[in-house]
Amino acid sequence: QVQLVESGGGLVQAGGSLRLSCAASGRSFSTYVMGWFRQAPGKEREFVSAISWYGGSTSYADSVKGRFTISRENAKKSVYLQMNSLKPEDTAVYYCAARLSSTIAIETRKYDYWGQGTQVTVSS
């Protein structure tokens, strides 16, 4: 069993930055692919980014490529999402997710554990 707790969300002006954190509890954190997803009001949850076991491989949605950076610290059982040049369309609840696999996936159904989410609001 893995529990995930996100933090770092908030209100920021367009062009600003936020850093999201996700703290995991449970064993074998380093064997989980970790992902970030987001869900805006009235929309489906969508993939944002994911990172492999030891950070050697990452994946990003086209909409955030070049602006967001995912990273992880296995010793701290944490994963981070640095978000720069934020846009109003980035406004959403951001979720951390864990996938018990060595392969990065972008589909929500392929992730085994989810956090409760943290709100990110970008004002224009």
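Taking the stretch 27-57, which residues are outside any strand (DSSP E or B) and among the hydroxyl-bearing types (Ser, Thr, Tyr)? Result: SER28, SER30, THR31, TYR32, SER52, TYR54, SER57. Identify the residue in the stretch 34-90 that is buried (at least 20 other Cβ atoms within 10 Å of the Cβ) and of a type in the set (Val, Ile, Thr) and, among all such residues, is farthest from VAL5 (Cα to Cα). Among them, the one singled out is VAL64. Within the stretch 10-22, the residues that satisfy the criterion of being more than 11 Å from the chain's Cα centre (by Cα) and either under 11 Å from CYS96 (Cβ atoms) or surrounded by fewer than 16 Cβ atoms within 10 Å (Cβ to Cβ) (or both) are GLY10, LEU11, GLN13, ALA14, GLY15, GLY16, SER17. For the stretch 23-33: of the residues being of a type in the set (Ser, Thr, Tyr) and in contact with a strand residue (DSSP E or B) (Cβ under 7 Å, 6 or more places away or on another chain), which is least open to solvent (accessible area, probe 1.4 Å)? Once the filter is applied, the top-ranked residue is TYR32.
Taking TYR94 as the residue in question, decide whether it is closer than 17 Å to VAL5 by Cα and open to solvent by less than 40 Å² (accessible area, probe 1.4 Å). For TYR94, the condition - closer than 17 Å to VAL5 by Cα and open to solvent by less than 40 Å² (accessible area, probe 1.4 Å) - is met.
The values are calculated or read from the model by the stated rules, or taken from the named source; none is laboratory data. What you see is a predicted model, and the numbers here were worked out from it, not measured in a lab. All Cβ positions, glycine included, derive from the backbone under ideal geometry; neighbour counts span all protein chains shown. The area values use the complete protein model at the heavy-atom level, side chains included, leaving out ligands, DNA and RNA. Shrake-Rupley method; radii C 1.70, N 1.55, O 1.52, S 1.80 Å.
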